[in-house]
Each structure stands twice: as C-alpha cells, then as structure tokens.
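Just below is one structure, and these are the notes that go with it.
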Amino acid sequence: MKNNVKLYHFLFFFIVLNIGLVACSNEEKPEHFIQPDAQDNHAVIDVEEMVLIPAGEVSIGTDEKTDLTFGNEVDSHVVFVETFYIDKYEVTNGQYAKFLSETGHRKPKFWGNPSLNAPDQPVVGVNWEDAEIYAKWAGKRLPTDIEWEKAARSIDGRLYPWGNGYEASLGNFDDNGQMNGNLDGYGMQTAPVGSFGKGISPYGLHDMSGNVWEWVTSTLAENQVEGVLVNGKSDLTNEKVYTIRGGSWTNGPGDTRATVFYIYPAQCSDHSSSVGFRCAKTP
C-alpha cells in the first residue's frame, strides 16, 4: 500500500511538473552575507560569477513539514559541509549556446521556443546527463543536494532563501495557480536570471526558489525516503534517479521551499521546460 501511494505521488508530480509548456517527454556569518535589496530586473549581471560558501555545520531538512507538496522533506539534522563555490545564477541559454557551439552536443528541448530561449533566460529542456556534461565542459560540477540546500538556506535554517514565509512576488512562481504573471510579472515562461533582487539567499544567490528546478548530483532520499535504493535507482520505476531542487515557474508555496526535493529520472525522453541547473566547484 505504501509503495502504491508513493507511486501515485511520483506519477502525480509528472502531471504537475509538466503543466503548460512542460513535457517530460556553527560557523561565523560570512563577510559577504547579503540582505535582499531593491528589486532590479534590468541590472547588468555577470552570469559566470560564483559565490564562495564557507565550510561549517548547517541544519538540513525540517521538522515543520508541509502538506502543500507531493515532494519529499527529510527530518532536520545537522551536517558539516566543506567549502565550495556555486554559481550565483542559473546557467543561461547564452552560456549553453557557447557549450553547444564548441562541443556539438544535442540541443535542448524547447531551444526554439520564444518564451524560453532568450540568452538571459535559464536553459531548460536538459536532463541530468546534459547538465553533468556541461558542468565538466565548464570546468565545474553539479552541486550535491546538501551543498545546494546550504546555499539556499544559509546557517539559520530558513525555509525560503529570504526567510520563513512564502512571498509570491519574490520569485518566478505559479501566480497562485494562474501562471499569468499577475504576481511576479512572468506568465507561462521563465524569467531572465537575476530578475528578483529581493528574493536572493543570504549568500547572494538568485532564483534558489522558483524560475526553474535545478539538478544536483546526489539525493538526500537515499536510505531516507521509501522508493529509492542506495544505488540511486528507484524501486518503483527501476530508473536511475537524481534530485531536483528549488521549484519553478509552475510551482507555489509548497514545492518552492528550500527543504523540498523531488526524485526525478536522470533521463527523460522529452525533458522539461521547468528544469535547469547551476554549477558548483570545489576550491
């Protein structure tokens, strides 16, 4: 029965994730700790910029679970995370275009979609393998699940990058299910990276909640969530799985919590218009 329920949740997620355009086919406060400032959708940004996340203990997971998501959340526990760098912004179409030009790698799904393919929008329509290959080409790697969560939440265990309460205007979300842009300015499309200055994480990272889901290299689900084995394969689908984090333009207050993760097939035949990634690097 539990497996059936879990499988139902797993399948239901694909319906929700693929809505609209989507087709699945104790450390010191860092010196660079940044408080959210005024929103500026037209600032000139350096999409290659990375942020140093200092080593230290951090609380991962939460004991305040939500029923607003079909994703997973683990119980709160403290872990030590080594120093790492992570991209300040999600990887853009412009960055990905250089990668395609130099490598001849296959183009992402939706590459020709005018709602999703501007140079400053995050690349979507990429599976885990695409993201991993890009990261290696760029001299980087994908972040681990724990690294990603620390970067999004910082050391105070907040549920969202900006604090503990959901704010519909602080990221590209689902506009209370309407996806018409009435709350965040963007309808059924991704937003240019860095568009929500008030929604940044304490480390100054943009779009850690909303815009696009982000691939990571490992999953907190192993040994903790029913349906996933230690070898990374789901015993419900027998597919290789990884985790996506952060929610997207198709999601609301539940799925965009920094504690939530979805177990997602590494290979997806059509890929998704709400899944992208950012890179990390070990010093």
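The values are calculated or read from the model by the stated rules, or taken from the named source; none is laboratory data. Given the structure is predicted, the values throughout are model-derived calculations rather than measurements. Every residue, glycine among them, receives a Cβ derived from its backbone with ideal geometry; neighbour counts consider all protein chains shown.
Inspect all residues belonging to the range 192-202 and state whether any of them is outside any loop (DSSP other than H, G, I, E, B) and buried (at least 24 other Cβ atoms within 10 Å of the Cβ). Among the residues of the range 192-202, at least one is outside any loop (DSSP other than H, G, I, E, B) and buried (at least 24 other Cβ atoms within 10 Å of the Cβ), which makes the answer yes.
Looking only at residues that are part of a loop (DSSP other than H, G, I, E, B) and of a type in the set (Val, Ile, Thr) in the range 50-82, which one is surrounded by the fewest Cβ atoms within 10 Å (Cβ to Cβ)? Restricting to residues being part of a loop (DSSP other than H, G, I, E, B) and of a type in the set (Val, Ile, Thr), the top hit is Thr66. Restricting attention to the range 101-147, the residues that are over 18 Å from the mean Cα position of the chain (by Cα), hydrophobic (A, V, I, L, M, F, W, C) and more than 30 Å from Glu57 (Cα to Cα) add up to 4. Within the range 232-247, identify whether any single residue is part of a loop (DSSP other than H, G, I, E, B) and either at pLDDT 95 or above or surrounded by 24 or more Cβ atoms within 10 Å (Cβ to Cβ) (or both), and answer yes or no. Yes. Go through the range 75-122 residue by residue and tally those that are touching a strand residue (DSSP E or B) at 6+ places or on another chain (Cβ under 7 Å) and of a type in the set (A, V, I, L, M). Result for the range 75-122: 5.
The residue that is surrounded by the fewest Cβ atoms within 10 Å (Cβ to Cβ), among those in the range 99-136 that are among the aliphatic types (A, V, I, L, M) and under 16 Å from Met188 (Cβ atoms), is Ala118.
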